[in-house]
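What follows is one structure encoded as structure tokens, with my remarks underneath.
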Amino acid sequence: MSDPYTILGVDRNSTDKDIKSAFRKLAHKHHPDREGGSEEKMKAINEAFRQVRTQEDRNNLERPQQEYPQGFGSKVWVGLKICLQILDFVDNSHR
């Protein structure tokens with residue numbers, strides 16, 4: 001996965017306004033309908049902007065993604081984890 005900040009040419013501490021401005025400049029420059037524009041480049045710019053357009057989006061991007069053991073589907077692993085938490089809660093409430 002490419003770094004959205006690098007694609008947009010902005011710093012990680014940029015404001016929403018700065019990110020939107022950078023996106024618009026790049027979108028104008030690389031739009032496929034313009035001479036020299038590129039559909040692939042435009043897709044990358046759109047995806048990068050989608051990932052960092054708001055502070056909430058940036059927080060989600062920066063938050064480490066929870067990893068699951070290989071061989072387990074993520075839903076199965078989450079279900080197992082919830083079951084273990086319930087069992088731990090029940091066990092602790094009876095002490």
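The values are calculated or read from the model by the stated rules, or taken from the named source; none is laboratory data. All of these numbers come straight from a predicted model, not from anything done at the bench. No Cβ is skipped: glycine too gets one built from the backbone with ideal geometry, and neighbour counts run over all protein chains shown.
Do any residues in the range 32-52 that are farther than 20 Å from Tyr5 by Cα have Cβ atoms under 6 Å from those of residues that are surrounded by 13 or more Cβ atoms within 10 Å (Cβ to Cβ), where the two are at least six apart or on different chains, and which pairs are they?
From residues that are farther than 20 Å from Tyr5 by Cα, the pairs are Pro32/Met42; Gly37/His30; Gly37/His31.
Based on what the data block shows, is Leu84 at pLDDT 85 or above, surrounded by 10 or more Cβ atoms within 10 Å (Cβ to Cβ), of a type in the set (A, V, I, L, M, F, W, C) and assigned to a helix (DSSP H, G or I)? I'd like the intermediate steps shown before the answer.
Numbers: at pLDDT 85 or above: no; surrounded by 10 or more Cβ atoms within 10 Å (Cβ to Cβ): yes; of a type in the set (A, V, I, L, M, F, W, C): yes; assigned to a helix (DSSP H, G or I): yes.
Judged against the criteria, Leu84 is not a match.
Could you list, in sequence order, all residues of the range 1-41 that are in contact with a His (Cβ under 9 Å, 6 or more places away or on another chain), assigned to a loop (DSSP other than H, G, I, E, B) and surrounded by 11 or more Cβ atoms within 10 Å (Cβ to Cβ)?
Passing the criteria: Arg34, Gly37, Ser38.
Out of Arg50, Arg63, Arg24, report the one residue that is at pLDDT below 85 and not polar (S, T, N, Q). Working first, answer last.
Numbers: Arg50 fails: at pLDDT below 85; Arg24 fails: at pLDDT below 85.
Selected residue: Arg63, the only one of Arg50, Arg63, Arg24 that is at pLDDT below 85 and not polar (S, T, N, Q).
From the set of residues in the range 42-58 that are assigned to a helix (DSSP H, G or I) and of a type in the set (Lys, Arg), which is nearest to Arg12 (Cα to Cα)? Before you say what the answer is, go through the steps one by one.
Initial filter on the range 42-58 (assigned to a helix (DSSP H, G or I)): 42-52, 55-58.
Keeping just the survivors that are of a type in the set (Lys, Arg) gives 43, 50, 58.
Numbers: Lys43: 21, Arg50: 15, Arg58: 9 Å.
So, considering only residues that are assigned to a helix (DSSP H, G or I) and of a type in the set (Lys, Arg), the one nearest to Arg12 (Cα to Cα) is Arg58.
Does Glu56 fit the bill of being acidic (Asp, Glu) and surrounded by 11 or more Cβ atoms within 10 Å (Cβ to Cβ)?
Judged against the criteria, Glu56 is not a match.
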